[in-house]
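Undergrad: First the structure, which I've put down as structure tokens, then a few questions once you've had a look.
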Amino acid sequence: VGFQKILTLTYVDKLIDDVHKEFRDKYRNEFQQKGTLGLLNGTFDFKDDFMRLLRDAEESSKVRAPTVMKTFEQSLKSQKTVKCMIETRGEKPKEKVKNKKNKGSKKEGTEAVAAPGKASAGDKQPPAAGDREELTKDEILQKNREEFFKRHMKAGEKSSKSPKPEAQKEKGKKPRVWDLGNSNAKVLDYSNSATNGSAEACPVEEFDPDTALGDRNREPGRLYDLEYESDDEAEEEKVIQNPSKPSAKKGGLGGMFGMLKGLVGSKSLTREDMDPVLEKMKDHLIAKNVAAEIAVQLCESVAKKLEGKVMGTFTTVTSTVKQALQEALVQILQPQRRVDVLRDVMDAQRHRRPYVVTFCGVNGVGKSTNLAKISFWLIENGFSVLIAACDTFRAGAVEQLRTHTRRLNALHPPESHGGRTMVQLYEKGYGKDAAGIAMEAISYARNQGFDVVLVDTAGRMQDNAPLMTALAKLIAVNAPDLVLFVGEALVGNEAVDQLVKFNKALADHSMAQTPRLIDGIVLTKFDTIDDKVGAAISMTYITSKPIVFVGTGQTYCDLRSLNAKAVVAALMKA
């Protein structure tokens, strides 16, 4: 069986079937009585039976006579005579035509018919008598006329079958109309400016709340901290109590720090001692999505801080540098100015005005989705929200916010809040001025008593000067209380470029003496990066602004506050 390609055994399949049947019939009762234990503990004496079946199979294969080739006399070709193989000129090859396929037969038939016609027309044999010669010429002329008229009639029939253009096509390109579509753009615009700000514009939608909430055991209104489980025991350093000799072991620190372990006893650190460790740390930070420029600056700041510092007896260069870097990272993620949204909203309530938050960022980072999450969090804390649909460019942006509004109203119906609608959408359709819509929404919220206004803006690249000018105009005209930059955690060096150019554009295009810049960051798609959390460091380092919210999933409850120690633990994990 193993060398079947080398030695062809014709009886293998039959032998296997016979062995299977013989073994099954012989031990069937034992299997049924003992079950699985019978297979494990039983003994099966099957060698004699197998040899008997093998001999039978080999003998049966020998009985079969080998196939013998046919002789020429037994073949069909011997029955053909020489005469039938000779083709006479002008005759149709009947056998060939029959053996051809349909397409080949049609082609062969037309060629065979055309060939005698050409031969008869070209080879004009002289007639026997003069009267017959004149008659033959007349017949030829008559036949030629009939063939001419037949061809003319066939051409007329073909032309009549082809559709005639009823009228000339108008010049210019017309838009294509699909079967299930509608060419009227007004029909496709479902936004109705007459119903803005009213509860009827966003009717209550019935759907499964588990799909929107996720964790049902959570505490309503609480913003949980970002969690990260780090393996501290595996990465914990082993202190070696022999300061006179350098360590010969390379293990004990785990990951990149174990390779660079060196002891110093009661001496000051020099740059030469720290350079190998800092180089490894820089590569490690870049691998965790920290921008390359920021990783270099962080290592430089740690080196300046530790240079000349006297080390203890039982400490290592690696442990000292690692501890200093961790402290620097935690300090970066905890800026001096902390944004407390709930406190600021209550302060705005005392002044009888709405608290305005503007969301901005590049395309596709999740501005509308995280705006809906923040709306849900505010509603659970007892604040009413008005969503201003100022993304008047992207197709479906208004419909997306309308869907979120319906679902939020379904989760928090007015009956649960004393008849008060907790979330409404203010929109004016597409192609309008975003700054004007935001101004009208803030005025509407002030008149209707809304606590918070969340302004959604269109995504724009940081290099697009006209769109950045429009964003600066929206922020300058409406003066929001909080400007949040929405960035995704997947980016590396791009995070620095986005934030620097957004802040620069807001400063350049603002007409005020003290331009309004970005106040905080919303870090999205944090659940997709595992431990590559370097974007958080890059964004906070370049702007010195706090990360206010962290998006971690697809449900309304997937919103977290930043835990600096958890992020640093993930960042320092080998």
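Undergrad: Where only protein heavy atoms count, and the probe is 1.4 Å, what is the accessible area per residue for region 341-572 in Å²?
TA: Accessible area per residue: 37 Å².
Undergrad: Each residue of region 482-495 in order: what ³J(HN,Hα) in whole Hz does its phi give by Karplus 6.51 cos²θ - 1.76 cosθ + 1.60, θ = phi - 60°, with x for Gly and Pro?
TA: Residue by residue, region 482-495 yields 9, 10, 9, 8, 9, x, 8, 7, 7, 7, x, 5, 5, 4 Hz.
Undergrad: Turning to a different aspect of this structure: For region 268-333, what is one quarter of the convex hull surface built on the Cα atoms, given in nm²?
TA: 4.3 nm²
Undergrad: Measure off, as a whole percent, the carbon and sulfur share of the 1.4 Å-probe accessible area of region 435-574, all protein chains present.
TA: 51 percent
Undergrad: Suppose every Lys and Arg Cβ carries +1 and every Asp and Glu Cβ carries -1, with no other charges. What dipole size does region 268-333 come out with about its Cα centre, to the nearest 20 debye?
TA: 180 debye
Undergrad: Starting from 0 in steps of 10 Å, tell me what percent of the Cα-Cα pairs of region 485-528 lands in each bin.
TA: So the P(r) values, bin by bin, are 26, 46, 22, 6, 0.
Undergrad: Going by amide H atoms built from the backbone, whose H comes under 5 Å of the H on residue 9, apart from near neighbours?
TA: Amide H to amide H, under 5 Å and 5 or more residues apart or across chains, residue 9 pairs with nothing.
Undergrad: Of 280, 504, which has the most accessible area and how do the rest follow, probe 1.4 Å?
TA: 504, 280
Undergrad: Can you check what the net charge comes to around residue 291, using other residues whose Cβ is under 12 Å from the Cβ of residue 291 (Lys, Arg +1; Asp, Glu -1)?
TA: For residues surrounding residue 291, the net value is -1.
Undergrad: Mind checking the per residue accessible area of region 268-333 for me, 1.4 Å probe, whole number of Å²?
TA: 45 Å²
Undergrad: Whole-Hz ³J(HN,Hα) for each residue in region 386-392, computed from phi via Karplus 6.51 cos²θ - 1.76 cosθ + 1.60 with θ = phi - 60°, x for glycine and proline: what do you get?
TA: 10, 9, 9, 7, 9, 8, 9
Undergrad: Enumerate the amide H contacts of residue 290 below 5 Å, restricted to partners 5 or more residues apart or on another chain; note that Pro and chain-start residues carry no placed amide H.
TA: Here the answer is 534, since their amide H atoms fall under 5 Å of that of residue 290.
Undergrad: Leaving ligands, DNA and RNA out of it, rank 51, 311 by accessible area with a 1.4 Å probe, largest first.
TA: 51, 311
Undergrad: Using θ = phi - 60° and the Karplus form 6.51 cos²θ - 1.76 cosθ + 1.60, what ³J(HN,Hα) does each residue of region 340-345 get, whole Hz, x for Gly and Pro?
TA: 10, 5, 4, 5, 5, 5
Undergrad: Another question, if that's okay. Can you give me the three principal axis dimensions of region 374-471 from its C-alpha atoms, in Å, biggest first?
TA: The principal-axis extents, from largest down, are 46, 25, 21 Å.
Undergrad: Take the Cβ-Cβ distance between residue 561 and residue 275 as r, set R0 to 30 Å, and report the resulting FRET efficiency rounded to the nearest 0.05.
TA: So, using R0 = 30 Å, E works out to roughly 0.20.
Undergrad: Sticking with this one: Please calculate the 1.4 Å probe accessible area of residue 20, with all protein chains present, and give it to the nearest 10 Å².
TA: 110 Å²
Undergrad: Rounded to a whole number, what % of the accessible area of region 306-406 do carbon and sulfur atoms account for, probe 1.4 Å?
TA: On region 306-406, the fraction of accessible area on carbon and sulfur atoms equals 50 percent.
Undergrad: At a probe radius of 1.4 Å, what is the per-residue accessible area of residue 514, in Å² to the nearest 10?
TA: It works out to around 120 Å².
Undergrad: Hey, got the dipole for region 341-572? About the Cα centre, +1 on K and R Cβ, -1 on D and E Cβ, debye to the nearest 20?
TA: Computed charge dipole of region 341-572: roughly 380 debye.
Undergrad: For residue 488, which sequence-distant residues (separation of 5 or more, or a different chain) have an amide H within less than 5 Å of its own amide H, given hydrogens modelled in the peptide plane?
TA: Sorted by chain and number, the residues that satisfy this are 524.
Undergrad: At q = 0.13, 0.17 Å⁻¹, what base-10 log of I(q)/I(0) does the Debye formula yield for region 341-572 when every alpha carbon is treated as an equal point scatterer in vacuo?
TA: Treating every Cα as an identical point scatterer, log10 I(q)/I(0) equals -0.75, -1.30.
Undergrad: Post the alpha-carbon centroid distance, region 363-413 to region 426-501, in whole angstrom.
TA: When both Cα centres are located, 14 Å separates them.
Undergrad: Could you sort out which of 373/428; 14/34; 26/62; 288/428; 34/62; 305/367 sit more than 32 Å apart by Cα distance in this structure?
TA: Listed pairs above 32 Å: 288/428; 34/62; 305/367.
The values are calculated or read from the model by the stated rules, or taken from the named source; none is laboratory data. Computed from a predicted model, the values in this text were never measured in an experiment. Every residue, glycine among them, receives a Cβ derived from its backbone with ideal geometry; neighbour counts consider all protein chains shown. Heavy atoms of the whole protein, side chains included, go into the accessibility calculation; ligands, DNA and RNA do not. Shrake-Rupley method; radii C 1.70, N 1.55, O 1.52, S 1.80 Å.
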